[in-house]
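Notes for the one structure printed next.
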């Protein structure tokens with residue numbers, strides 16, 4: 001399956017590293033398929049979240065891999081597919097926000113109870 005950036009493969013293939021990523025974002029924005037700043041922002045946010053994970057994995061591997069994966073997945077989505085699925089995405093958004101809020105609240109409550117238990121063990 002060819003993504004919307006397939007025509008740029010030859011030119012981008014000659015570039016390496018961060019220059020290649022920057023070139024993809026700029027060219028993507030010029031094509032007008034979808035908002036490149038939003039795609040780049042999503043990639044940066046995903047990479048930042050991966051960097052904060054408490055795992056023993058080299059950040060020099062996990063962060064670029066995550067950003068690249070997000071950009072690659074975004075390149076597979078066409079503008080028509082985004083318009084077609086936008087209604088169902090927005091319909092599911094309140095449920096997704098609710099699940100995330102409940103999960104965050106559960107995590108906060110769990111942490112509070114853990115700290116409370118630790119303080120009681122040290123005091124008594």
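None of the figures in this text is laboratory data; all of them are computed from the coordinates on show. Keep in mind that this is a model prediction, so the values were computed, not measured. Glycine gets a Cβ as well: all are built from the backbone with ideal geometry, and neighbour counts include every protein chain shown.
At-a-glance table
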item: Residue 73/residue 52 FRET efficiency (R0 22 Å; Cβ-Cβ; nearest 0.05); result: 0.60
item: At R0 = 30 Å, FRET efficiency that the Cβ-Cβ distance of residue 121 and residue 101 yields, to 0.05; result: 0.45
item: Gain upon complete extension [residue 81, residue 45; 0.36 nm per residue less C-alpha separation]; result: 10.7 nm
item: Ratio Rg/Rh [Cα only; Rh per Kirkwood] for region 85-124; result: 1.41
item: Per-bin percent of Cα-Cα distances, region 44-124 [5 Å]; result: 3, 12, 10, 11, 16, 17, 13, 8, 4, 3, 2, 1, 0
item: Separation in nanometres of the label points that stand 7 Å from Cα toward Cβ, at residue 108 and residue 89; result: 2.8 nm
